[in-house]
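Since the structure comes first, as structure tokens, the remarks are kept for the end.
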Amino acid sequence: MTQAQPKPEGDSLATRIAKLAGVLASAHYPGGDRAALKRWSPDQPVPLAFYRLWLRHLGTELPPEEQTATWALIAWGLALMGEGTHRPDRPLGQVLAESGFAEARLERLLAALDAARLDLFASAVRFLAAKGEGFNWRDAALLLLTADADKRESIHRRIAADYYRQLRKQESLKQGKE
């Protein structure tokens, strides 16, 4: 996968994610399009519902071709998880730890490249959806869209730090109850 660094950085990426989440959670968003996005998987062609979503709500230009499947995965996850899934106040690593996501699964996700990363992320989203746990989807977008190895490592470090900080907090609480 030869992804370019995403155009939206910082607040503009956060704004784009928030807009996607808001549109997909809206009662006015077509149920058929939401269902089409939920049925999609990374090994399938991108559904027309994704293009319609993007062009009607995010602008006149589609994402770069090499990022389209990644953005479709983000839309899929937001549609799958539903209202309240985008929680800017809850870092991805923290939520994974709180939910009992296995350390080995996190390690595979952070070490994975290209298509494998998309598949492992989809699995993590299904795990969090089953637990009803929303998280900061900007973290996910950065994890999935960042092509530069050094920048991606910085994102991995932040996700891992949030994960282990939360585990340490949970262990301290557990010891305090004993």
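Any idea what diffusion coefficient the stretch 116-178 gets from Stokes-Einstein, in µm²/s, Kirkwood Rh on alpha carbon pairs, 25 °C, 0.890 mPa s?
Once the numbers are plugged in, D ends up at 183 µm²/s.
Quick one: P(r) of the stretch 6-88 from all Cα-Cα pairs, 5 Å bins, percents rounded to integers, in order of increasing distance.
Bin by bin from 0 Å, the calculated values are 3, 15, 29, 28, 18, 7, 0.
Along Cα→Cβ, 7 Å out, is where each label goes; now give me the distance between the ones at Leu167 and Asp150 in nm to one decimal.
2.9 nm
To test your reading of the geometry: what angle, between 0 and 90 degrees and rounded to tens, separates the Cα axis of helix 48-57 from the longest principal axis of the chain?
Orientation of helix 48-57: about 90 degrees from the principal axis.
What distance in nm lies between label points placed 7 Å from Cα along the C-beta direction at Arg105 and Phe127?
A separation of 0.3 nm, rounded to one decimal place.
Assign unit charges at the C-beta atoms only (+1 for Lys and Arg, -1 for Asp and Glu), then state the dipole size of the chain relative to its Cα centre in Debye, rounded to the nearest 20.
So the magnitude is around 480 debye.
Based on Cα coordinates alone, diagonalise the gyration tensor for the chain, multiply each eigenvalue by 5, take square roots, and list the semi-axes in whole Å, largest first.
Those come to 27, 19, 14 Å.
Which Rg and Dmax, in Å, describe the Cα atoms of the stretch 71-168?
12.1, 34
With each run of n ≥ 4 DSSP H residues scored as -39500 (n - 2.57), what mean residue ellipticity at 222 nm is computed for the chain after dividing by its residue count and rounding to the nearest 500 deg cm²/dmol?
Roughly -21500 deg cm²/dmol at 222 nm, from the helical runs in the chain.
Calculate the FRET efficiency for Leu62 and Leu113 from the Cβ-Cβ distance with a Förster distance of 25 Å, rounded to the nearest 0.05.
Result of the calculation: an efficiency of 0.55.
Which cross-chain or sequence-distant (5 or more) residues have an amide H under 5 Å from the amide H of Arg87, H modelled 1.01 Å from N in plane?
Phe135, Asn136, Trp137
Would you mind calculating the relative contact order of the chain from Cα pairs under 8 angstrom and at least 6 residues apart, reporting the percent as a whole number?
Averaging sequence separation for qualifying contacts and normalising by length gives 29 percent for the chain.
For the stretch 87-129, place one equal point scatterer on every Cα, skip the solvent, and apply the Debye formula. What is log10 of I(q)/I(0) at q = 0.22 Å⁻¹?
Debye output, listed in q order: -0.72.
Readers should treat all values here as calculations from the given coordinates under stated rules, not as data from a laboratory. In this text the structure is predicted, and so the values were computed from the model without any measurement. Neighbour counts run over all protein chains shown; Cβ positions are idealised from the backbone, glycine included.
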